[in-house]
Every structure is written in structure tokens, then in C-alpha cells.
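Read-outs: derived from the displayed coordinates by stated rules, not from any lab. Because the structure is a prediction, the values reported are computed rather than measured. Every residue, glycine as well, gets a Cβ built from its backbone with ideal geometry; the counts of neighbours run over all protein chains shown.
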Amino acid sequence: MRPMPPHLLRERLHALLEEADFGGVVQLAAREGAVVRLLLQYLYDPEDLLHWRALEGLGHVAAAYPRQVQKVIGRLLWLLNEDSASVGWGAAAALGEIGRHNLAVVQDIIPMFCGFLEEEFSRAPMLWGVARLAEVHPEALAEVAPYVLPCLQDADPKVRALAAWCAGRLHLLSARESLTALRGDASGFRLYDQGRFRQTTVGELAREALELLTTRS
């Protein structure tokens with residue numbers, strides 16, 4: 001079967017992401033080797049809904065065709081180095097999402113997540129990625145979990161919000177005191193979750209995290 005012309009492939013992938021049709025993205029990746037590379041092109045604007053859906057698309061392709069995604073792990077790590085920090089926003093989140101769907105693809109580089117949580121530019125997306133991974137494989141993040149705690153007191157409300165979301169999914173009992181202190185934090189935050197944007201606050205996410213800690217203890 002001939003490869004689809006590039007412009008038609010981009011249009012088809014764009015339409016699938018707009019529909020949140022991740023099964024369709026996987027089917028397209030089965031026929032077209034350029035799909036993963038095109039998904040990476042969406043990772044630069046976190047204000048765009050399709051940025052987040054492309055992240056999910058990468059995860060679904062990783063589950064079905066891990067070799068296709070393994071080929072771009074090096075690219076994602078390169079985007080997280082100092083020279084490319086200005087354009088690597090989505091790379092950290094992508095690593096977590098890929099691991100959610102196929103842990104083996106990222107298992108060897110999970111210790112690097114600690115460093116990404118310490119870097120200001122990658123902290124927020126790495127928290128989102130860790131939270132996504134923690135929902136499915138919390139046991140794989142024991143080394144990373146302590147690096148989430150300082151994020152709960154970060155000056156950036158976006159970081160505090162994502163750290164709270166993350167702490168609940170990690171079942172981070174040591175975060176209980178910090179989460180309790182955040183319950184009244186009314187700083188607004190737009191969270192991508194379950195295929196859509198959700199308007200919430202730091203305090204609301206802290207309260208949800210505390211509920212998770214209670215139900216799992």
C-alpha cells in the first residue's frame with residue numbers, strides 16, 4: 001500500500017485528534033510510519049486541546065506499536081535538554097503518557113523524571129506525566145515520588161495544582177499536611193483530563209487528592 005500523501009495524512013490525523021478517536025490514530029499508525037513524527041509536532045502549545053490529545057495518541061500508539069515510539073524517545077529527551085528548553089514543553093508529559101500505556105518503553109529512563117521535576121521549565125508537564133503514569137503503575141514511581149513533595153509549595157499555582165493531582169494518584173501519604181494547607185487555595189487552573197479541559201482550582205485538586213489518600217489508606 002502506498003503511503004498517504006503528506007498533506008492528506010496531516011489532515012486525517014488532525015481530524016482524528018479533534019474527534020479524540022485514539023483507536024483511529026492507532027489504525028492510521030499501523031498503515032503510515034510518519035504518524036508518530038506528526039504527533040510530536042503538536043507538542044509545543046499546551047494551550048491547544050490537540051496538544052494534549054496528541055500526547056494521548058502517542059500513548060495509544062506505544063501500546064500497540066512500541067517500536068514506533070521507542071524510536072522517538074531519544075528525540076523527546078533531546079527536547080528536554082538545556083539547549084532546547086524553550087520548545088520542549090510537551091516532551092516530559094509525553095514520557096509519562098507513553099509509560100501509562102506501555103511501561104517497558106520508558107522504564108529505564110524513569111530515574112530521569114526526578115531531574116525533570118527539579119527543572120523549572122519541565123516541572124509542570126512532568127507532574128502531569130507522572131500523574132498519568134501513577135494512575136496505572138504507581139509502583140514504578142517510588143524513586144520519583146519524593147520529588148513531588150516540594151512542588152506542592154511551588155510559587156507557580158499551575159505547579160501546585162499538578163503536584164496535588166499527582167500526589168493523590170501516587171498515594172503519597174507524606175503529602176497529607178501540604179495538601180491540607182492547600183485546601184483553601186483558590187488559584188484557578190485548567191486541567192486536561194479524560195479527553196477535555198476542566199476548569200478547577202488548586203484547592204479543589206488538593207481536596208480530591210486528600211480523598212484519594214483517605215480511601216486508599
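Couple of notes before you dig in:
- Estimated inter-spin distance, Ala104 and Arg75, nm [label 7 Å along Cα→Cβ]: 2.2 nm
- Charge tally for Gln70 (other residues, Cβ to Cβ under 14 Å; Lys, Arg +1; Asp, Glu -1): +3.
- Within the chain, helix-based [θ] at 222 nm, where runs of 4 or more DSSP H residues each add -39,500 (n - 2.57), nearest 500: -18500 deg cm²/dmol
- Kyte-Doolittle mean at least 0.0 and Cα axial length at least 15 Å: DSSP H helices in the chain: 49-64, 66-79, 89-101, 120-134, 157-169, 202-216
- Counted by Cβ distance under 14 Å from Gln194, the other residues give a net charge of +2, where Lys and Arg count +1 and Asp and Glu count -1.
- Computed label-point distance, nm, for sites Gln27 and Ala186 using a 7 Å Cα→Cβ extension: 4.8 nm
- Computed lengthening from Glu211 to Arg67, 0.36 nm per intervening residue step minus Cα-Cα distance: 48.0 nm
- Separation of the Tyr44 and Glu139 label points, Cα + 7 Å toward Cβ, nm: 4.1 nm
- Other residues whose C-beta falls under 12 angstrom from the C-beta of Gln41 contribute a net charge of +1, scoring Lys and Arg +1 and Asp and Glu -1.
- Relative to the Cα centre, the charge distribution of the chain, modelled as +1 at Lys and Arg Cβ and -1 at Asp and Glu Cβ, gives a dipole magnitude of about 580 debye.
- Trypsin sites (Lys or Arg not before Pro) restricted to the stretch 147-195 and DSSP loop, no more than 16 other C-beta within 10 Å: Arg183
- The stretch 119-217 shape via C-alpha gyration tensor axes, a/c threshold 1.5: rounded
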